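Structure first, commentary second.
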Amino acid sequence: MPLDEDKYPVESDRRRFVKGVVGGAALAGVTTASAAAVDTATSPSGAGGGTTEFYAVENTDGPAPRGMPQIPVEIDDEGYLMGAWPEYEEGAENAVTEDYGGSGVTYSSAWFQYCGVQTYSGVYPDADQDNYFRYSSSGYDWHADKGGDKIHIDDFQELGEPWREWNTAFGTRANGKPAAGTWRSQDLSPQETMPIQIIRSQNVLDLAEEDPWIEASTEEGCIAWLNKCTHFCCVPGFKNNEGSAKFGAADQIYCQCHQSVYDPFSIVKKAFVALPRPEKED
Ligand code: FES
């Protein structure tokens with residue numbers, strides 16, 4: 001493995017190149033490239049924040065109704081990982097970025113308006129919280145003493161096992177190194193904390209070669225998602241629960257509450273009715 005593969009700076013020209021190539025090719029439903037299968041669920045009707053198309057880690061088993069929404073990853077000049085937040089115009093209902101990273105995908109803050117998250121301070125388009133991913137102190141031993149610290153790309157190589165070799169005592173694939181964290185939640189109560197997971201994996205690098213959305217929404221092999229199960233809102237985990245093997249999920253994201261399973265390397269397009277955010281109190 002080339003030693004400089006895990007180092008900075010990131011390939012900052014890559015995104016510009018992609019934007020130039022595919023920027024005009026809007027992904028109108030079924031035109032997504034091969035790695036991101038289009039799988040738009042039927043949306044329930046009714047009032048609410050509105051029908052929202054989003055990209056998700058696929059729900060493959062259990063009672064969850066759909067996948068968990070991806071958070072596009074960015075890396076700052078110093079190597080810290082952030083979740084991109086869409087662009088916000090004063091007075092707009094949601095923050096929205098059209099044609100995110102030249103992928104043709106419209107990325108909206110409404111992606112995260114479910115499971116009560118629509119009431120969290122950090123999901124308001126103009127919230128004060130920054131976009132850095134920060135470690136949780138639970139989830140994985142390799143970052144247990146880093147709770148609250150910003151997540152750095154080099155940590156996946158330098159803390160604990162290197163990311164290409166990380167594995168657990170169960171499961172079969174050494175297919176990526178996960179981290180558990182939070183997003184847009186600093187200075188908020190635990191009840192307003194947005195849990196996230198990140199995996200750094202060769203699988204993600206491979207997928208990014210084939211698909212403009214995955215290329216735009218991942219960095220250096222890192223993929224991230226809002227880690228709230230779409231069933232009853234528990235916090236699942238990737239390869240952090242030995243009991244997952246009984247449900248065929250030893251190498252997947254597994255929700256211990258009611259055994260929902262998600263595949264972090266299968267990104268699908270879905271739709272749901274996002275719930276409206278309550279009015280802010282002044
Ligand atoms: S399976 Fe029920 S909350 Fe996750």
Handout entry: Long-range neighbours under 6 Å by Cβ, at least six apart or interchain, first residue at pLDDT below 90 within the range 156-170, second in a helix (DSSP H, G or I)
Key = Phe170/Glu242; Phe170/Ala245
Fill in the blank from the handout: Here the qualifying pairs (Cβ atoms under 8 Å; residues six or more apart or on different chains; first in the range 57-71 and within 8 Å of Ser260 (Cα to Cα); second within 12 Å of the ligand (Cβ to nearest atom) and at pLDDT below 95) come out as Asp61/Phe247; Asp61/Ala249; Gly62/Phe247
Fill in the blank from the handout: Taking the range 242-282 and keeping only residues that are without any contact (Cβ under 8 Å) to a residue 40 or more places away in the chain and in contact with a Cys (Cβ under 9 Å, 6 or more places away or on another chain), one is left with Gln256, Cys257
Exercise for the section: Any chance you could count how many residues in the range 38-96 are in a loop (DSSP other than H, G, I, E, B), out of contact with any helix residue (DSSP H, G or I) (no Cβ under 9 Å at 6 or more places or on another chain) and modelled with pLDDT under 90? Expected result: 14
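Looking at the range 221-258, which of the residues that are away from the ligand (no atom under 16 Å from the Cβ), in contact with a helix residue (DSSP H, G or I) (Cβ under 8 Å, 6 or more places away or on another chain) and part of a loop (DSSP other than H, G, I, E, B) is nearest to Ala208 (Cα to Cα)?
Pass one, the range 221-258, residues away from the ligand (no atom under 16 Å from the Cβ): 221-224, 239, 242, 245, 250-251.
Those still in the list that are in contact with a helix residue (DSSP H, G or I) (Cβ under 8 Å, 6 or more places away or on another chain) too: 221-223, 250.
In the following step, the residues that additionally are part of a loop (DSSP other than H, G, I, E, B) were identified as 221, 250.
Details: Gly221: 8, Ala250: 24 Å.
For the range 221-258, the residue satisfying everything is Gly221.
Residue by residue, here is whether (1) touching a Gly at 6+ places or on another chain (Cβ under 7 Å); (2) not polar (S, T, N, Q) holds:
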residue	(1), (2)
Thr52	no, no
Arg66	no, yes
Ile71	yes, yes
Asp76	no, yes
Ala110	yes, yes
Tyr114	no, yes
Gln129	yes, no
Ser138	no, no
Completion exercise
Scanning the range 144-170 for residues that are under 20 Å from the mean Cα position of the chain (by Cα) and β-branched (Val, Ile, Thr), the one farthest from Ser109 (Cα to Cα) turns out to be Ile153
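From Ser185, Ser217, Ser201, grab the single residue that is away from the ligand (no atom under 16 Å from the Cβ), within 20 Å of Asn131 (Cα to Cα), at pLDDT 95 or above and under 14 Å from the mean Cα position of the chain (by Cα). Before the answer, list the steps.
Details: Ser185 fails: under 14 Å from the mean Cα position of the chain (by Cα); Ser201 fails: within 20 Å of Asn131 (Cα to Cα).
It is Ser217.
Filter the range 259-282 down to residues that are part of a strand (DSSP E or B) and among the basic types (Lys, Arg) and give me whichever is nearest to the ligand (Cβ to nearest atom).
Keep residues of the range 259-282 that are part of a strand (DSSP E or B), which gives 260-274.
The next check asks that each one be among the basic types (Lys, Arg); those that pass are 269-270.
Numbers: Lys269: 21, Lys270: 16 Å.
By that ranking, first place goes to Lys270.
Out of the residues in the range 171-224 that are acidic (Asp, Glu) and in contact with a Gly (Cβ under 8 Å, 6 or more places away or on another chain), which is nearest to Thr106 (Cα to Cα)?
So the residue we want is Glu215.
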Exercise for the section: Kindly list the number of the only condition in (1) touching a strand residue (DSSP E or B) at 6+ places or on another chain (Cβ under 7 Å); (2) in contact (Cβ under 8 Å) with a residue 60 or more places away in the chain; (3) within 26 Å of Pro86 (Cα to Cα) that fails for Cys233. Expected result: (1)
Practice task
Among the residues of the range 165-211, count how many are more than 20 Å from Cys229 (Cβ to Cβ) and in a strand (DSSP E or B).
Solution key: 2
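The values are calculated or read from the model by the stated rules, or taken from the named source; none is laboratory data. Note that this is a predicted model, so its numbers are computed, not measured. Here Cβ is always computed from backbone atoms with ideal geometry, including for glycine, and neighbour counts include all displayed protein chains.
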